[in-house]
Amino acid sequence: MTIINESKINESATLNNKGKTNCLYKGAPVWIVFSVVLCVGALVAKEYLRIPVKLIVTKPETAVVAPTPALPAPIQIPANIDKSVKDKNDRALKFFENRVSQIITDSEARLGMTTKKFGGEISTFNSCSYLIYLMAYDKVKSSSESETTKYFNTQIEKAYNPIFARINKELDVAVEKFKQDLMENGVSFATDLCQHFNPNDKFNNLKFVNIQSEEDFNNALRQLGLTGGILTIAVPLDILFVVQAQIFKTLIKNVVTTIGKLFARPIAVAVGSVVIAAADGPLPIGDALAVVGLIWTAYDVWSTKAEFEKEIQTSMTNFSTELSISQKKQMHDIASNLLKSHESIQDRIRNKYLNPGL
């Protein structure tokens, strides 16, 4: 009978297990070294042997974007239509400026002839005597309204008002012609745009001629489909009369001052006249001359008469020059305002086609 010793059996099993464990521990460095060698080999091959090493990279998925729809082409005004209306406006302005220049040049010639005639008439002996009488009367009575000024103003108006009325009428006609030209240009511009953007429109058969008033202008634009208030322009032509009145006032003041200086001696004598002091109002020229003829001699007037005539003609010539300059400036301002107003209207017509939804 064989006796089995358990302790030896257990010892033997333990030794076997330790052997296996040692084998595992001994094998582990081999795999690690092998892995390191492979990595180093790959790097060496890539660097020195130029053997491509393929790396697999996973790209992130990108979102799909829907294509942007194409925008419609912007609406544009044909260059030839734009240029046409600008050229027409320029021609209308040039015509107006030439006409105004001609009117003022002609009026200067008429004013020159009138000034020469007026200077001779206002400086006659009788006229000078009456002006002296009126100056003395104003000094004695100390009236708030100068009789000398009133008389001289009446004489100037009698001589010059027909010329001023003619000038103003001719300038008024020139302004109206310029307005009509600009209105016709605006209607022509609107018609051209209508025919371009709406070639089959019923408005294309409309023809507009002889636009003479703002009412004609607005009606034509409404018939072209451009509704709403289009034009309201006020041209202050009466400013010419205001300017003339201001220049007149300055002229008369200067002339009266000149009379006082040139005829100071006979005026001083007349101031002491009992007849003048007793009068309730200025005498008619005939009666006044009969009275003052007893106060001073003819020499007192004749010695200064020529100088007075020269001063009057110089003052009136300066007045005519100042008036012409003022008229040119006023006409320039009126033309500038009219042109700007109609260009603004033409811009509004243009925008109605560029922005049809507005």
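Key figures
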{"read-out": "Considering residues of region 132-188 that are over 28 Å from R265 (Cβ atoms), surrounded by fewer than 18 Cβ atoms within 10 Å (Cβ to Cβ) and among the β-branched types (V, I, T) only, the residue farthest from the chain's Cα centre (by Cα)", "value": "I163"}
{"read-out": "Some residue of region 218-238 being at pLDDT below 60, of a type in the set (S, T, Y) and in the same structural domain as E311 (by TED's automatic domain parsing)", "value": "yes"}
{"read-out": "Restricting region 75-126 to residues that are among the aliphatic types (A, V, I, L, M) and not in a helix (DSSP H, G or I), the residue that is nearest to K305 (Cα to Cα)", "value": "I77"}
{"read-out": "Cross-chain or 6+ apart pairs with Cβ under 6 Å, region 333-345 first and of a type in the set (S, T, Y), then surrounded by fewer than 17 Cβ atoms within 10 Å (Cβ to Cβ)", "value": "S341/I233"}
{"read-out": "Qualifying residue in region 297-314 (condition: modelled with pLDDT under 70, more than 44 Å from the chain's Cα centre (by Cα) and not hydroxyl-bearing (S, T, Y))", "value": "yes"}
{"read-out": "Residue within region 316-326 that is within 29 Å of S142 (Cα to Cα), outside any loop (DSSP other than H, G, I, E, B), out of contact with any His (no Cβ under 7 Å at 6 or more places or on another chain) and modelled with pLDDT of 65 or more present", "value": "yes"}
{"read-out": "Cβ pairs under 7 Å, 6+ apart, first in region 139-151 and within 12 Å of V256 (Cβ to Cβ) and assigned by TED's automatic domain parsing to the domain that holds T258, second polar (S, T, N, Q) and buried (at least 17 other Cβ atoms within 10 Å of the Cβ)", "value": "none"}
{"read-out": "Enumeration of residues in region 127-147 that are over 24 Å from E311 (Cα atoms), out of contact with any helix residue (DSSP H, G or I) (no Cβ under 6 Å at 6 or more places or on another chain) and in a helix (DSSP H, G or I)", "value": "K141"}
{"read-out": "Contacts under 9 angstrom Cβ, first residue in region 195-220 being assigned to a loop (DSSP other than H, G, I, E, B), partner at pLDDT 80 or above and β-branched (V, I, T), 6 or more apart", "value": "L206/T191; K207/T191; F208/V187; F208/T191; I211/V187"}
{"read-out": "E176 of a type in the set (D, E) and assigned to a loop (DSSP other than H, G, I, E, B)", "value": "no"}
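The values are calculated or read from the model by the stated rules, or taken from the named source; none is laboratory data. Because the structure is predicted, anything quoted here is derived from the model rather than measured. Quick reminder, even Gly has a Cβ in these numbers, built from the backbone with ideal geometry, and neighbours come from all protein chains shown.
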